[in-house]
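Each value in this text was obtained by applying a stated rule to the coordinates, not by laboratory testing. The shown structure was predicted, so the numbers you read here are calculated from the model rather than taken from an experiment. Please note: Cβ atoms are built from the backbone with ideal geometry, for glycine as well, and neighbour counts cover all protein chains shown.
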Amino acid sequence: MSASMAAPGLLADRPANDILLDVRDLRTYFHVMDGTVRAVDGVSFSIRRGQTLGIVGESGCGKSVTALSIMRLLDIPPAEIASGEIIFEGRNLLKLSEDEMREVRGNDIAMIFQEPMTSLNPVFTIGDQIAEAVMLHQGLSRKEAWNKAIESLKAVGINNPERRVKQYPHEMSGGMRQRVMIAMALSCDPKLLIADEPTTALDVTIQAQILELIRMVQDETGAALMLITHDLGVVAETVHDIAVMYAGRIVEQGSVDEVLLSPKHPYTEGLIRSIPSRGMRGQRLNVIKGTVPNPFNMPEGCNFAPRCPYAFEPCWTLDPQIEEADPPDVACWLYTPAPGFLAPKRGAQRVAGELASGIRS
Amino acid sequence: MSKYIIRRLIQAIPVLFGITIVVYAILLAAPGGPTARFANNPKFTEADREKFKKAWGLDQPIPVQYCRWMGICNPENEGLAVFIGSTGWPAFLPTSISGTTNGLLHGDLGVSIDTGEAVASRIARAALPTFILAGNALVIWILVALLIGVYAAIHRYSLFDQAATVFAYVGYAMPTFWLGIMLIFLFSGPGLNILPAGGMTETRLSPPFGSDTYWPYFAANPATAIVDIVKHLILPVFTLVVVNIAGDSRFIRSSMLEALGQDYVRTAKAKGLPVRVVIFKHALRNALLPVVTNIGLEIPFLFTGAIVTETIFSWPGIGRMTIEATRSFDYPTLMGLLLITSALVVLANLIADITYAIVDPRIKY
Ligand SMILES: Nc1ncnc2c1ncn2[C@@H]1O[C@H](COP(=O)(O)OP(=O)(O)OP(=O)(O)O)[C@@H](O)[C@H]1O
Ligand code: SF4
Ligand SMILES: [Mg+2]
């Protein structure tokens, strides 16, 4: 399957004023014993109605914290949303009262989590757990909500939903539970669906089915999708746009085709290189050398500099910002001329098509 | 479910049978023996001792004694015929068939050496005060521990939480007998004489609880009688529950904190449920699972605790009777008491297991 075919591009050319979610300069910090972790440190992106955006990056780069900040599900303290705006349908979610925010959660924005085995409450039937949200947000009676629960189980391809709805989570497999989570998320017809690594905990074959399901329901309901993953293959098959995160920042963004076929940022390139491809089977995987920076001791210049094969003078002292990037959408001194330094070493650019072959296979 | 309950009940039978043997063995191993009550009586001769032993059947071999106590042997017969009741049917069968009336199996726990009264009716009379004490203690214990534990978990590190922690350490470390005496000193002493120091009823107003005249008195003035008992209950109940509340409030707090940190709680919040529902439906229900087992295992302490508490507060229950029977070497009474308390422990565990099976859908039965 080719990367361009995979992304459901039906809504890609909607007008830009149709923005559903606009995150601006979000900074989420954790105040812990050893100091402050800047888990999300100035993230901006937007999602149009019906758009599908993938967020990728290594473990710990702040993907989940971004999602949980949008949902306002972080415990404050230790978390603190130090600055930023999260504009959803014209309202800044960060300014809503807790009650107003509850109306948004589950109803306008629904979330699916990574761990299907623990995300459902073990002591209530799944019907109860789906119906509960429906009753709350749509004001349906118990009976109607129960029927709606059966309906949404059917919609996510669960056989015999009348029986399943009365079962407890422990009576189901991981894949089945993730279907239940999706059914639950969709039961209130959300405008935005946030899926945080929805397939990471599942078997490979089940992963494909769940992704297919997410793609299908996204297509049918027209809900916008924010898909968080560290698997570029998943992104390539499921979403249209992509944002690459590194150490609490977005370092590159664009359409899947652009970013995966011609990655600009050295980190994106490293990520693509680390995908095992068919031709490379049996060879050592190309993993980005070095480790994510210590959150208490971030590098002074570019966060990626200690691991970057292309790092040059400005990288050690100046911090590239994606907002000031020119050309836009990539935070790297290779592209944006660093103030006071000579033109960036464009010669260091890489042959991208070849790199992307990994995800195509 | 009912199948599970029946199975558990049937499983309890061999346990109870085992308990009778253990109770018997423990009392045999205890120093003294039924004649020790006369140890300081210079007029009690060796001949008297033999006579006493013969009268109480203590001259028989131990298995025979046990079988008579159980009601498997008929003391009227000799040799192998001991197993046969007066009707010719085996002695262990119900009285209506076998004609046998002695022994546990026929509801007879023997006669108190001390008072000459039937042990079963003695225990039955003392049981009600103990149930009143233990029942109130249980309800207050669970309610207060839940309130403290859940509130402390929701408001972790708050002033309340810290105060609860201090209370838990102090309460857990406090010896029951010392606490009881201090409470009497504080609330019934010369200073602040607001609560009775002991007993179950006010002697000047009411007949002794459980006596023949008590129930007519109770029927005539129910409100006064109940208020009277409640007043007498406050200090002993408090003494009895402090340790349990101290321990369980901590346990509930940590169990609740664990539940609150679970993924399904985050899911519940992500659905937009109000905090109240998230805490009291999703988290609490899960947090209570280990608590049910724990409380089930702690219920026996209500009975052991009652021994000290009832003695301090002269509460006319089975705890105080245990001490009295021990002091007077009243073996039949002691045996009956040990048996009943053991049976109650088995019952409490059974109830805890069944409750657990009801509240946790993952339990297979
Ligand atoms: N409750 C918390 N307290 C302190 N630090 C936290 C907390 N939650 C997250 N962090 C920190 O925030 C950073 C970002 O975490 P986040 O969970 O967003 O990573 P992620 O990109 O989702 O990674 P993964 O792929 O492993 O899910 C990490 O360094 C993490 O240690
Ligand atoms: S700014 Fe420098 S260190 Fe950072 S990614 Fe670009 S080249 Fe590498
Ligand atoms: Mg994550």
Exercise. What shape does the range B:1-97 have by the C-alpha gyration tensor, where a ≥ b ≥ c are the square roots of the eigenvalues, rounded means a/c under 1.5, and otherwise prolate means a/b greater than b/c and oblate the rest?
Worked result: oblate
Problem set entry | Ranked by how many other beta carbons lie within 10 Å on average, peptides B:15-28, A:321-334, A:108-121 from highest | A:108-121, A:321-334, B:15-28
Seminar exercise, completed: When B:Phe187, A:Phe304 are arranged by how many other beta-carbons sit within 10 Å of their Cβ, fewest first, they go B:Phe187, A:Phe304
Exercise. Counting only residues 5 or more places away or on other chains, whose amide H sits under 5 Å from the amide H of A:Ala82 once H atoms are built in the peptide plane?
Worked result: A:Arg27, A:Thr28, A:Tyr29
Problem set entry | Around A:Gly127: net Lys/Arg minus Asp/Glu count, Cβ-Cβ under 13 Å | +1
For this session: Only Lys, Arg, Asp and Glu count, each charged at its Cβ (+1, +1, -1, -1), so figure out the dipole size of the range B:207-319 about its Cα centre, rounded to 20 debye.
Result: 840 debye
Exercise. Taking neighbour counts of Cβ atoms within 10 Å as a proxy for exposure, in what order, fewest first, do B:Ile226, A:Ile86 appear?
Worked result: B:Ile226, A:Ile86
For this session: Please report B:Thr333, A:Thr28, A:Thr205, A:Thr221 as a ranked list, fewest other C-beta atoms within 10 angstrom at the top and most at the bottom.
Result: A:Thr205, A:Thr221, A:Thr28, B:Thr333
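What full-extension length gain, to one decimal in nm, is calculated for B:Thr45 and B:Asp263 as 0.36 nm per residue of separation minus the Cα-Cα distance?
Full extension from B:Thr45 to B:Asp263 adds 70.8 nm.
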Exercise. From the backbone phi of the range A:188-197, what are the Karplus-calculated ³J(HN,Hα) couplings (6.51 cos²θ - 1.76 cosθ + 1.60, θ = phi - 60°) in whole Hz, Gly and Pro given as x?
Worked result: 9, 6, x, 8, 9, 10, 9, 10, 9, 6
Exercise. All other residues with a Cβ under 14 Å from the Cβ of A:Trp146 taken together, and with Lys, Arg as +1 and Asp, Glu as -1, what is their net charge?
Worked result: +2
For this session: Quick one: which residues, 5 or more positions from A:Gln167 or on another chain, have an amide H under 5 Å from its amide H? H modelled 1.01 Å from N in the peptide plane, none for Pro or chain starts.
Result: A:Ile126, A:Gly127
Seminar exercise, completed: Among beta bridges assigned by DSSP with both residues in the range A:188-300, the antiparallel ones amount in percent, to the nearest 5, to 55 percent
For this session: Please find the FRET efficiency linking B:Val15 to A:Gln138, where r is the Cβ-Cβ separation and R0 is fixed at 60 Å, and quote it to the nearest 0.05.
Result: 0.70
For this session: Count charges around A:Ser44 for me, please; just the other residues with Cβ under 9 Å from its Cβ, Lys/Arg as +1, Asp/Glu as -1.
Result: -2
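Please compute, for peptide A:135-144, the average count of beta-carbon atoms on other protein chains lying within 10 Å of each residue's beta-carbon.
On the way: counts 0, 5, 3, 0, 0, 0, 0, 0, 0, 0.
Across A:135-144, the average partner-chain Cβ count within 10 Å equals 1.
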Exercise. What helices does chain B hold that run 24 Å or longer along their axis, going by alpha-carbon atoms, with a Kyte-Doolittle average of -1.0 or more, using DSSP H for the helix calls?
Worked result: B:2-29, B:119-154, B:222-260, B:284-312, B:331-359
Problem set entry | Most positive-pole-ward Cα, B:Val82, B:Ile72, B:Leu147, against dipole of the range B:62-155 from beta carbon charges | B:Leu147
For this session: Please tell me which of these pairs span more than 24 angstrom C-alpha to C-alpha: A:Lys166/A:Lys191; A:Lys95/A:Lys148; A:Lys63/A:Lys95; A:Lys148/B:Lys271; A:Lys63/B:Lys271; B:Lys3/B:Lys281?
Result: A:Lys166/A:Lys191; A:Lys95/A:Lys148; B:Lys3/B:Lys281
For this session: Using DSSP to define loop residues, name the chymotrypsin sites (Phe, Trp or Tyr not before Pro) in the range B:76-151 whose beta-carbon has at most 13 other beta-carbon atoms within 10 Å.
Result: none
Exercise. Where in chain B lies the longest segment free of GluC sites (Glu not before Pro) that are both loop residues by DSSP (not H, G, I, E, B) and have at most 15 other Cβ atoms within 10 Å?
Worked result: B:203-365
For this session: Kindly rank A:212-219, B:247-254, A:127-134 from highest to lowest mean number of other beta carbons found within 10 Å of each residue.
Result: A:127-134, B:247-254, A:212-219
Problem set entry | Number of partner chain Cβ atoms within 10 Å, mean per residue of A:122-130 | 4
